[in-house]
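Taking it in order: structure first as structure tokens, then the write-up.
Since every read-out is calculated from the coordinates, none of them should be taken as a lab result. Keep in mind it's a predicted model, so treat the numbers as computed, not measured. Note that we place each Cβ from the backbone using ideal geometry, even for glycine, and neighbour counts take in every protein chain shown.
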Amino acid sequence: MKSSAPTVAAYLESLPPDRREAIETVRGVILESLNRANAPGEFEECMQYGVIAYCVPHSLWPHGHHTRPELPLMFLGLSSQKNDMVVYMLLLLHNEPMRAWFVEALRAGGKPIKLDVGGMGCCVRFRRIEDLAPDVIAETIRRVPVRAHLEHHAAMLARLGKGPDGKRPKVAKGADKAAGGPAAPASRRAASAASVRKGGAKPAGRASASRAPERPGKGSPGARETKGQGLAQSKNGSLRGARTKPARTPSAKSKRASRPRRP
């Protein structure tokens, strides 16, 4: 349940007595472990996103959170929700070896809780303080001091191709060509489109289907030429062409007329 309390003291005051006692107990474990594992000024306790947050101050990590730079980078949290209470173990989100150790330590302790890895990070939910494993949480905090968490956070951003501020570094134009590397896909597409506009060769791509030769229209000059020329093959395989009149055989009358008269 998101709170609008401006300070940690106001948040604790707004909780029911049983929840306040449990939250204050876990808060004491977190603060003691943080003070033992980190130098003064390397973390701060504040309210963020409606929960008690433990963050890296801007004086140590000026980039803040990579999606909201105005907020300090949160690595631990604590809250009282409607149905349970939650410890946000964000320092385990991108630290897989330490996360595996944490899960195994919970299993070895026989506690009925588990690590819920999801959109809210790594959450440990509990309803009673007896169900929690404060010693495992304390040891995890001591094993992952703030500066170690920052290293894992920066490595996660680097895997995404981003810098510590969460932004992708700008690449100067022509840097790929100068370095002899391949051009970016967008640059290749733009170059191909420009080549086609200038009348150059069409870039290699999907083979286009060959177009059948166009048949001349009914009234086109080509149609008239086709109609009156050449030989065409009929359906039965015979050849036919322009109609010609058969040669006439001489009739009997013409034969008699052509005979020479007797003297």
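Descriptive notes on the structure:
- Remark: the Arg36-Glu151 segment gains 39.5 nm on full extension, using 0.36 nm per residue and subtracting the alpha carbon distance.
- Kirkwood estimate for segment 8-159, i.e. one over the average of 1/r between Cα atoms, Å: 15.8
- Cβ crowding within 10 Å, taken as a proxy for footprinting-reagent exposure, orders Val117, Val86 from fewest neighbours to most as Val117, Val86.
- Rounded to the nearest whole Hz, the Karplus-based 3J(HN,Hα) values (6.51 cos²θ - 1.76 cosθ + 1.60, θ = phi - 60°) of segment 147-161 follow the sequence 5, 5, 5, 5, 5, 5, 5, 5, 5, 5, 5, 5, 5, 8, x, with x at glycine and proline.
- Backbone amide hydrogens, once placed in the peptide plane, bring Cys123 within less than 5 Å of Met89, Asp116, Val117, Gly118, excluding anything fewer than 5 places away on its chain.
- Segment 124-131 - phi-based ³J(HN,Hα) in whole Hz, Karplus 6.51/-1.76/1.60, Gly and Pro as x: 10, 9, 8, 10, 9, 5, 5, 7
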